[in-house]
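The values are calculated or read from the model by the stated rules, or taken from the named source; none is laboratory data. Remember, it's a predicted structure, so these values are computed and weren't measured experimentally. FYI the Cβ positions are ideal-geometry reconstructions off the backbone, even for glycines, and counts take in every protein chain you see.
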Amino acid sequence: MSHTQDLKIRNRRTRFLINPEFQFRFLAFQIVSSLITVGVFFFANSYFFSKMKEAGQAVGLHENHVFFKFVQHQELAMNWIFIVAAFITTALLALVGIIYSHKIAGPLYNLQRYLQEYTFKRRVDKPLKFRDHDFFPEIAEDFNMFMNERNPPEGDKKEPAA
């Protein structure tokens, strides 16, 4: 492999933060949604255990009864489970958020670069193409049809009617 080919391969690594402003906002939404969801379940769980304690008091159990110790132990165990679940869920959603925002920001970045090239050169050398796994491939197809109508290849130009 030549030195030039080696450099091309190294320069093709994926940059996950293409549009950091958009991607961080997307990621923040993911994380906040995750924390709100976990918080709702945490409070539902706390409500459940408070109802268990009320049920024990309603039947006249003394506050030192083994039932209350059992409920307290279970509540503490569930709180730790929720903390671990919140951390794992938030981390996974952050990872998914970066990947999905990349699939949205990437095509928009390519479209922006394409438009800038057209603006400065008044032509482009190749059609707009998004990566296979990106979202919105139909935008590239429609945009290429628009550009072909606007600027047909040299051999396809229509002659004005006489």
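Assess whether LYS53 counts as being at pLDDT 85 or above and either part of a helix (DSSP H, G or I) or closer than 30 Å to PHE22 by Cβ (or both). Against the criterion (at pLDDT 85 or above and either part of a helix (DSSP H, G or I) or closer than 30 Å to PHE22 by Cβ (or both)), LYS53 qualifies.
Within the range 59-74, if we keep just the residues that are β-branched (Val, Ile, Thr) and under 48 Å from the mean Cα position of the chain (by Cα), the residue that is nearest to PHE42 (Cα to Cα) turns out to be VAL71.
Residues considered: ALA94, ALA55, ALA85, ALA105. Of these, the only one that is out of contact with any Leu (no Cβ under 8 Å at 6 or more places or on another chain) and within 21 Å of THR37 (Cα to Cα) is ALA85. Taking every residue in the range 42-53 that is within 19 Å of VAL84 (Cα to Cα) and pairing it with any residue that is among the aromatic types (Phe, Trp, Tyr), at least 6 positions away or on another chain, the pairs with Cβ-Cβ distances below 8 Å are PHE42/PHE82; ASN45/PHE82. When GLN116 is tested against (1) surrounded by 11 or more Cβ atoms within 10 Å (Cβ to Cβ); (2) assigned to a helix (DSSP H, G or I), just one condition goes unmet, and that condition is (1).
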